[in-house]
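Q: Can you keep this structure in mind? I'll have questions shortly.
Each reported figure results from applying straightforward, stated rules to the coordinates on display, with no laboratory input. Keep in mind that what you see is a predicted model, and the values were worked out from it rather than measured. We place every Cβ from the backbone using ideal geometry, glycine too, and count neighbours over all the protein chains shown.
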Amino acid sequence: MSTIAWIGLGHMGAPMAAHLVSAGHTVRGVDPVPAARDAAATRGIQVVDTVAEALQGADACLTSLPGPDQVRQVYGGGDGVFAHAVAGTLLLDTSTVDVGTSRWCHDEAAARGLAFVDSPISGGTAGAEAGTLAVMLGGHPDHLARARTVVEPMARAVIDCGEATSGIAAKLANNMMLFISVMAMSEGSQLAEHLGLDPHVFWQVVDASSGQSWAQRTWYPVPGVVPTAAANHDFDATFSADLARKDCGLAVQAGEATGVNLPAARLALEQLERLAAEGLGGKDCTLVAKYASPDGTL
Ligand code: NAD
């Protein structure tokens, strides 16, 4: 069994790392937030204070960080991953970042003789808890088979997407589709309700019909309809509006960089920005459903 360093023990990181513990690995985790550290410790993760301690003798190091700024800081900082990793340590970033940041990780790792694989994930906190994530791998073919072995305990599907940054490219396009489908689900759920339909009945109709989506199955924004929805818990975040805004914004930027027209993604981004402007960026992204409601509340 291996020793694994894990940096970032949040909504996704802690349950993913816990699957590696269950698979028999020793996992040493780092997070600056006391509540995250305590929760991780209850999952069998050995919580340490520094990246250097986590990396001591580690066969692999995984990161699960909020976004590009934290990834550049955690990899490139003085007490960072690049400063303390050794040649045999496989580096995997599961965070959602822009293609440029992922490219930077690959280039900086290669310049130091280190192996890096972009390894973003899909499936939400429910998938992280259940160990049923999709993992999208991008990197040198020599490193992909090893990366697959590391992430398999937390995944239902591990997909080799190709060369460096292809995993993160797939993730950005996928999540853009997700947030557009969140908008569709938000508007559909509100229209059905205000046409007088029982939400449970309408959900069953959609689930058996052409409006069906992962968002509708997992995140339906009406309390009591699906057990994994944030709507059941006053929209406490399973996937925060701030993270969704980041992901959608990265996709819109990628569209600008490639000349691809993304009007629906821009509309989704506007709704997520409205939540942030109201001070609700820490709530769940599915709270955007309130903007479809006639009085702006749910
Ligand atoms: P989160 O905010 O719950 O977790 C991020 C963790 O990183 C936090 O605990 C934070 O304290 C920690 N952190 C921040 N700076 C750090 C540092 N310098 N060193 C160590 N730890 C640090 O976010 P999350 O929902 O777990 O998402 C993590 C990543 O996974 C994001 O990039 C997100 O876009 C992506 N993602 C999230 C979901 C989801 O459903 N939540 C799904 C797929 C992908």
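Q: For the stretch 156-298, just list the percent of Cα-Cα distances falling in each 5 Å bin from zero outward, please.
A: 2, 10, 18, 22, 19, 15, 9, 4, 1, 0, 0
Q: Going by a ≥ b ≥ c, the root eigenvalues of the Cα gyration tensor, does the stretch 211-284 fall in the rounded group (a/c under 1.5), the prolate group (a/b larger than b/c) or the oblate group? Before the final figure, lay out each step's value.
A: On the way: a/c = 2.82, a/b = 1.62, b/c = 1.74.
Since a/c reaches 1.5 but b/c is at least a/b, the shape of the stretch 211-284 is classed as oblate.
Q: Using all C-alpha to C-alpha distances in the chain, build P(r) with 10 Å bins and read off the rounded percent in each one.
A: 7, 28, 33, 22, 9, 2, 0
Q: Modelled label-to-label distance, L197 and A41, 7 Å Cα→beta-carbon offset: nm?
A: 4.9 nm
Q: How would you classify the stretch 3-164 from its alpha-carbon gyration tensor, with a ≥ b ≥ c the square roots of the eigenvalues: rounded for a/c under 1.5, else prolate if a/b is greater than b/c, otherwise oblate?
A: Verdict is rounded for the stretch 3-164.
Q: Rounded to the nearest 500, what is the chain's calculated 222 nm mean residue ellipticity when only DSSP H runs of at least 4 contribute -39500 (n - 2.57) each, over all residues?
A: -15000 deg cm²/dmol
Q: Ok, one more. Using alpha-carbon positions, what is the distance between the centroids of the stretch 95-139 and the stretch 35-63, in Å?
A: Between the Cα centres of the stretch 95-139 and the stretch 35-63 lies a distance of 18 Å.
Q: Here's another thing I want to ask about it. Give, in whole angstrom and from largest to smallest, the semi-axes √(5λ) of the equivalent ellipsoid of the stretch 242-292, with λ running over the eigenvalues of the Cα gyration tensor.
A: Its equivalent ellipsoid spans semi-axes of 21, 11, 7 Å.
Q: Here's something else I'd like to know. Under the Karplus relation 6.51 cos²θ - 1.76 cosθ + 1.60, θ = phi - 60°, what is the ordered set of whole-Hz ³J(HN,Hα) values for the stretch 122-132, x standing for Gly and Pro?
A: Karplus-based 3J(HN,Hα) across the stretch 122-132 equals 9, x, x, 5, 5, x, 5, 5, 7, x, 10 Hz.
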